[in-house]
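Heads up, the thing below is written out as structure tokens.
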């Protein structure tokens, strides 16, 4: 099988809920889809959600990197099997910059999906065997207003989620009200963890963690800014709560530095920010060797394509303690592929075993949300 050409789609997907945290607020998901065409007539799909406050990428820069450099270099590549496709994608990783990781993710997933479908194998095979055929995902509350927090917590309780992550704000008083509201609605048996998205200084993080801990928290995610590794190190060393690294963790080099400096207790693995499945797997293995558990994260507004990639990690990596994503039509007004990836009651979800990523995009649905299309046939995009 040989890669013939690609098409890059910029899409805007309306969401059912407004999602708010300290770094962004959105009601529309702006994503990039990549469609890979093989010379055998088959297709594969990839996706990324560029976020300037995570990898430094925007929709515009990611689309330009894809059409101008990443995809042209892949055209003409041929593979005899899925492992060879994975090896060739891995060989490109040393040349991918930190601010190109999301773009590369979309390209890599499209190629691996194409290869998996061509050779009749699940793309998840590059990770390893299925460890859990059924898993449970966490719910996420991302709202500033306590009335909205109450509504979303009530829905989460009704659907039987056992683990919930709450996006907290800069203000301690506001966070006390948010957590009090959530805990009252959810009850005392639901596991709660908080995500500050880097909102606090080191001193403020210590203050907030101390004041918020009585709510029975399981972890605090990214308490200080992504570049404040010293702060992450100090808070991790204090052992007040397990510290999850998210925005501080995008590349393999980030993982090595966090491990060396003991600046996190848990790694949040989001396929888009980590540069695709292969690089995410490398980061996961680094964490396991260092004795650190991981969580599978998700970009807000990702479609079934990225959700399927995350599902493979969630079901094939045994050291995953929390799973996020696969929210599908719980968050998006419409998803763009079938079978749907939306998790069930209690956050339950099944492993994927069909060839490729395990989903088939719906072209008519995608067409509703496309804002720009670029065909890439050679070194010069059409």
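Per-structure values
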| read-out | value |
| --- | --- |
| Of the criteria (1) outside any loop (DSSP other than H, G, I, E, B); (2) surrounded by 17 or more Cβ atoms within 10 Å (Cβ to Cβ), which one residue 84 fails | (2) |
| Count of segment 197-212 residues which are over 22 Å from the mean Cα position of the chain (by Cα), farther than 25 Å from residue 186 by Cα and crowded, with 20+ Cβ neighbours inside 10 Å | 1 |
| Those residues of segment 23-50 which are outside any strand (DSSP E or B) and either in contact (Cβ under 8 Å) with a residue 40 or more places away in the chain or on the phi > 0 side of the Ramachandran plot (or both), in sequence order | 23, 40, 41, 42, 49, 50 |
| Any chance residue 302 is assigned by TED's automatic domain parsing to the domain that holds residue 16 and either within 29 Å of residue 7 (Cβ to Cβ) or out of contact with any strand residue (DSSP E or B) (no Cβ under 6 Å at 6 or more places or on another chain) (or both) | no |
| Test: residue in segment 213-234 that is within 20 Å of residue 102 (Cβ to Cβ) and surrounded by fewer than 18 Cβ atoms within 10 Å (Cβ to Cβ) | yes |
| Lone qualifier among 193, 162, 134, 170 - being under 30 Å from residue 33 (Cβ atoms), outside the structural domain of residue 61 (by TED's automatic domain parsing) and either surrounded by 24 or more Cβ atoms within 10 Å (Cβ to Cβ) or touching a strand residue (DSSP E or B) at 6+ places or on another chain (Cβ under 9 Å) (or both) | 134 |
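The values are calculated or read from the model by the stated rules, or taken from the named source; none is laboratory data. Computed from a prediction, not measured in an experiment: that's the story for all the values here. Cβ sites come from the backbone with ideal geometry, for glycine too, and all protein chains shown count toward neighbours.
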